[in-house]
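Have a look at the structure below, then the notes.
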Amino acid sequence: MERNLKNVLVISFGFLLLFTAYGGLQNLQSSLHSEEGLGVASLSVLYAALILSSMFLPPILIKKLGCKWTIAGSMCCYIAFSLGNFYASWYTLIPTSVILGLGGAPLWSAKCTYLTIAGNSYAEKAEKNGKDIINQYFGVFFLIFQSSGIWGNLISSLIFSQASTKVEISEENLACCGAYDCMTDTTNTTGPAEPSNSLIYTLLGIYTASGVLAVLLIAIFLDEIKSDQAETEKEILETPSFWSTFLATFQHLKDKRQCLLIPLTMYSGFEQGFLSGDYTKTYVTCALGIHYVGYVMICFSAVNSLCSLLFGKISQFTGRKLLFALATVTNTTCIIALLLWKPHPKQLAVFFIFSALWGLSDAIWQTQTNGLYGILFEKHKEAAFANYRLWESFGFVIAFGYSTKLQVYIKLYILLSVLVLSMVTYGAVEYLEAKSSPGTTPATKKENVEPLTQEAHM
């Protein structure tokens, strides 16, 4: 096997193992640790730390440690988060959330840098186009990585379904589920009995072992960057310099279009935060039980992956405006329906329909917003995508931050308001574009879309 392809597969399966654990654990935070809102508070802190990490750490760590050991070290930060869940308290979960957040940005940056260097290296030897090889490598990576959402959630549901005691949910308790929740710890009083500590520890043990295997896979089988590639690495890390990129991130806000895209970018964080923080707890766990969270999120992940591939292909025929309109209608319909619907165990299919529709719209938000940034700011990609990560992370922080303070119906109204504002400001961006360059739209660059789409999902 060609060595560069072997390294791509090692990274891909390393990320698959790591995010099988993290993805499943993130979706369970609001249900497992609902006391005083500890679970969602940890996620809010995590994304706040990610913002700081994105600004400062990646170029420093990659330059000092190299891509291989930056990836391995950052993966250890994710393992720390799994360990913090064994004895979840404000003194264990919050610090480990900070550690994970700080490790998140270097992990993804080192991965992107490594795959880029490997692609360019092989293209030079094979006398092929570097961008084509890099796109192939990222395609292999995401083909393998995308399935992590399925495996992590499947593991959690299979384990929690082993709970020996089941209880009937009373209509009184069901009244506390849904948009007009009772703002109490419903997960302990409704649905199938709360999973025992032994089941929780079994799940956390599997997740931790998966993370450890990921680190060992990278440490043992991933080749370090060769000396003849050092110049390529230096160019990627130092052009532009760290401080110029840092300053350019905020200078980029002078562009009207960037300011107008802030609501749309933050909405991406809001809607993902609502699904993993509120829908999983107040609808799924409350009415069905925690063992259904994994199955419902598998449905979301599967539809999201398929639609991401589909919409990435058909956008060249339909244009982004039609896809944004489809996502807006779908999300608006879901929000209004969630306001009116009272979840009930007898309506099992409805829980999956909502997650599937949410996956469809999220696929559009991710692929098309990334593509839009790549098209509008082609000459300032670094600053533009730094703003993308910054404002989406702020959306996550706010969504998780107020999760335990407001009733779900208020959060749904906020979500709907931000969506409407996003479409108004997005429309203004399209108007400015049409006014400045009528009839010319550059093709979406795949390399801008793919690496960053999943970074939004951590």
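The values are calculated or read from the model by the stated rules, or taken from the named source; none is laboratory data. Owing to the predicted nature of the structure, the values given are computational and were not obtained by experimental measurement. Cβ: placed from backbone, ideal geometry, glycine included. Neighbour counts: every protein chain shown. These accessible areas exclude ligands, DNA and RNA; they are computed on the full protein's heavy atoms, side chains included. Shrake-Rupley method; radii C 1.70, N 1.55, O 1.52, S 1.80 Å.
Quick check on segment 163-171. Is at least one of its residues in a loop (DSSP other than H, G, I, E, B), free of Cβ contacts under 8 Å to residues at least 24 places away in the same chain and basic (K, R)? No; the residues of segment 163-171 include none that is in a loop (DSSP other than H, G, I, E, B), free of Cβ contacts under 8 Å to residues at least 24 places away in the same chain and basic (K, R).
The set of residues in segment 362-392 being open to solvent by 10 Å² or more (accessible area, probe 1.4 Å) and under 14 Å from the mean Cα position of the chain (by Cα) consists of T367, R389, L390, W391. If you go through segment 106-152 and keep only what is over 23 Å from I62 (Cα atoms), of a type in the set (S, T, N, Q), in a helix (DSSP H, G or I) and open to solvent by 40 Å² or more (accessible area, probe 1.4 Å), you end up with just Q136. Evaluating K342 against the criteria (1) more than 26 Å from Y388 (Cα to Cα); (2) assigned to a helix (DSSP H, G or I); (3) open to solvent by 20 Å² or more (accessible area, probe 1.4 Å) leaves one unmet condition, (2).
Residues are listed down the side, and each one gets a yes or a no for (1) within 23 Å of F274 (Cα to Cα); (2) crowded, with 23+ Cβ neighbours inside 10 Å; (3) among the polar types (S, T, N, Q):
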{"site": "I51", "(1), (2), (3)": "yes, no, no"}
{"site": "I60", "(1), (2), (3)": "no, no, no"}
{"site": "K63", "(1), (2), (3)": "no, no, no"}
{"site": "C77", "(1), (2), (3)": "no, no, no"}
{"site": "S82", "(1), (2), (3)": "yes, yes, yes"}
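Remark: pairs (first residue in segment 305-318, in contact (Cβ under 8 Å) with a residue 60 or more places away in the chain; second residue open to solvent by less than 90 Å² (accessible area, probe 1.4 Å) and not in a helix (DSSP H, G or I); Cβ separation under 7 Å; 6+ apart in sequence or on different chains) = S305/Q146; S315/T444.
The residues in segment 307-332 that are surrounded by fewer than 16 Cβ atoms within 10 Å (Cβ to Cβ), within 17 Å of S268 (Cα to Cα) and of a type outside the set (A, V, I, L, M) can be counted, and the count is 1. Of the candidates G359, G401, G427, the single residue that is open to solvent by 10 Å² or more (accessible area, probe 1.4 Å) and within 18 Å of the chain's Cα centre (by Cα) is G401.
Here is a yes/no grid of residues against (1) modelled with pLDDT of 90 or more; (2) β-branched (V, I, T):
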{"residue": "F352", "(1), (2)": "yes, no"}
{"residue": "L360", "(1), (2)": "yes, no"}
{"residue": "T369", "(1), (2)": "no, yes"}
{"residue": "Y373", "(1), (2)": "no, no"}
{"residue": "S393", "(1), (2)": "no, no"}
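For segment 6-27, the condition holds for at least one residue, the condition being that it is within 27 Å of V408 (Cβ to Cβ), assigned to a helix (DSSP H, G or I), out of contact with any Cys (no Cβ under 7 Å at 6 or more places or on another chain) and aliphatic (A, V, I, L, M).
Among the residues of segment 34-49, write down those that are open to solvent by less than 20 Å² (accessible area, probe 1.4 Å) and more than 18 Å from the chain's Cα centre (by Cα). Hits for segment 34-49 are S34, G37, L38.
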